[in-house]
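Below: the structure, in structure tokens.
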């Protein structure tokens, strides 16, 4: 009996996926209620609930307490090879804006992370990434002054750090050390991303080097945990 119920759950989950595609549901659109889905597909609500749980597991939909089920937002794919960000289906939806730009001296933390002497001159650049509907990532990038001596706020606003380094400085990024950890939003981060304080976030940070092994960039990304996936190659 359980096997039949499971088979029906799976079949119904595929039918609901087909409905979402054929009726042009968009990310954020609300699904019909469990009762209406049961009536539409002529099944019991228990079967509908099982199918919806499967769709939750594969991130086709999301659930909002006391509200219902919604089409999940598209994930952003972070390439771990060329460090770029792309939407699953439409990279044009991803936008960025310069939030902060300043020249600072490396404190103990930055000196330790970047293996530079304390008080080394560094550019600190903060970009905010949006998927067109909400902010999803705070990117903080640190570039040693010797890499780009003439960097200005106007130049920084024109392109993300990777493009600045590879295009403007003609530096080929050859290798990196990267790490992903879990953190919880502090007050400032929560205000910027418009999320509750202590919301779980993904912290993605790393060091990038040129072909000669010289440090080019140190970056720290605070990312909405349910909006990102990692790939080795960019999906075109």
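Over the range 76-231, all Cα pairs binned in 10 Å intervals from 0 give whole-percent P(r) values of 10, 40, 39, 11, 0, listed from short to long. Scaling against 2.2 N^0.38 Å puts the C-alpha radius of gyration of the range 19-76 at 1.09.
Here the relative contact order of the chain, from alpha carbon pairs under 8 Å that lie six or more residues apart, stands at 17 percent.
Please find, in a Gaussian network model of the chain (springs between Cα atoms separated by less than 10 Å), the residue of 121, 179, 103 whose mean-square fluctuation is greatest. The residue that fluctuates most here is 179.
Any read-out appearing in this document is the output of simple, stated calculations on the displayed coordinates, not a laboratory observation. The structure displayed is predicted, hence computed values, not measured ones.
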